[in-house]
Every structure is written in C-alpha cells, then in structure tokens.
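Have a look at the structure below, then the notes.
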Amino acid sequence: YLMDVAELKVSPNEEWAAVVLGEDERMAEVWELGGSGPIPRHHFPISLTGQIEDLAVGNTGDWFAIASDSAESIEFWNLTGQEPERSTFSGHRMGVSEMVASPDGRWLVTIEPEKTLLWKLDDLDTVARPLDLGSKVRSVRDVAFSGNSRWLLISSYSGADSENRIYLRDLSDSS
C-alpha cells in the first residue's frame, strides 16, 4: 500500500494508528492494529491548509489532533462514537509547529513560535478552551509530561537575554 504520508503515530496502547496523507490526498486514516495486521477503520478529509506539521494521539484511542504550518487552529478528531467527529481548536495566531499529548491523554500542548497553549481534554464532547501559558514559554525547545501526567515541563529560549528557561506546572490543581 503506497501513500504520500505526511505524519503517522501509533497510539500508546498500541491498538490503533493514525495516518495523515500528504499534499495531494489531504486525508486522515485510522487503522486498527490487530493480530491479523492493520485494518482501516476510518477515512476522512482534512480541512487544514498548508503543510501538515504534526499529529498527536490520545493514549486510549479516544482522539487525535492534526496541526499545519499555515492554520491558526488545529483539527481535533473525537473517536469515541460510531463515526469520528471533527472539532476545530482555535487560539493560535500562526501555524502550529508541534503538539505533545500527556501520557493519560487528558492534556494537549500546542506550540507556535510566539504562543504555547495547554488544552484540557476531559470532556471530548465539548470543544476545549485553551490556557495560554504566556510570554514565559515563547520559543519552545522541548516539552515533556511526567509519566503520571501530573507535571508539565517546558524548555524555552529567551532571545532577549540569551537564556534557556524551564517552565514547570503542576497539572493536578488545574481546572
């Protein structure tokens, strides 16, 4: 099976994979990973413009998100129902270059050069409202969650004072 693949990820529980097809197709596919080999389950169009930059997946197969370099939003797909449901998460001013999901799938960090947003994904039936992490986390270099998803660590670079900074947030008290 030959495809122009822009991004692909296997869910952390290894039960499914999400594949984003490239410039010509502009499609996303979800594949079930079973003992007899991958089985395509869903195939749907992507509405984002520009080059696909990143793909993030929830750990239990509940969701995945797609970002592009020219969209000010991300495409979020809820996979809990019979058919996938698309939502648009807005809040960025420019294209999103990277996304990182927490190990428990409850949090998503989206990054653009001037803005970093934290999305809480407790209720997949409602569009999430982001928390803007502010000017402390511009020019992000790396993002990590602790294994239990309690802690968020972000490394950023401040060109003004030529310093690397570490941002630490306890997510157990975030509402």
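Tabulated data
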quantity: Magnitude of the charge dipole, the chain, Cβ model with Lys/Arg +1 and Asp/Glu -1, debye to 20; calculated: 560
quantity: Calculated from backbone phi, Karplus (6.51, -1.76, 1.60) coupling profile of the range 58-70 in Hz, x at Gly/Pro; calculated: x, 6, 9, x, 7, 7, 8, 9, 10, 10, 10, 7, 10
quantity: Net length gained if the chain between Asp132 and Ala144 were fully extended (0.36 nm per residue, minus Cα distance); calculated: 2.6 nm
quantity: Cleavage-rule hits (chymotrypsin sites (Phe, Trp or Tyr not before Pro)) in the range 1-78: DSSP loop, at most 11 neighbouring Cβ within 10 angstrom; calculated: Tyr1
quantity: Residue-normalised accessible area of the chain, given per residue in Å² at a 1.4 Å probe; calculated: 52
quantity: Farthest toward positive dipole pole in the range 9-129 [+1 Lys/Arg, -1 Asp/Glu at C-beta], among Ala101, Asn13, Leu79; calculated: Ala101
quantity: In order through the range 117-123: 3J(HN,Hα) via Karplus (6.51 cos²θ - 1.76 cosθ + 1.60), integer Hz, x for Gly, Pro; calculated: 10, 10, 10, 9, 10, 5, 10
quantity: Difference of contour (0.36 nm per residue) and Cα-Cα distance, Ser172 to Arg26; calculated: 48.8 nm
quantity: Amide proton proximity set for Met27, modelled H, under 5 Å, gap of 5+; calculated: Leu21, Ile46
quantity: Counting all C-alpha pairs of the chain, share separated by more than 30 Å (%); calculated: 17
quantity: Carbon + sulfur, % of accessible area of the chain - ligands and nucleic acids excluded, 1.4 Å; calculated: 46
quantity: Highest to lowest packing among 95-104, 43-52, scored as the average C-beta count within 10 Å; calculated: 95-104, 43-52
quantity: Per-pair calculated FRET efficiency, R0 = 41 Å: Glu114 and Glu85 via Cβ, rounded to 0.05; calculated: 0.85
quantity: Cβ crowding within 10 Å averaged over residues, with 111-117, 88-94, 165-171 ranked highest first; calculated: 111-117, 88-94, 165-171
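The values are calculated or read from the model by the stated rules, or taken from the named source; none is laboratory data. Because the structure is a prediction, the values reported are computed rather than measured. Don't worry about glycine lacking a Cβ; one is built from the backbone with ideal geometry, like all the others, and counts go over all protein chains shown. For accessibility, only protein heavy atoms count, side chains too; no ligands or nucleic acids. Shrake-Rupley method; radii C 1.70, N 1.55, O 1.52, S 1.80 Å.
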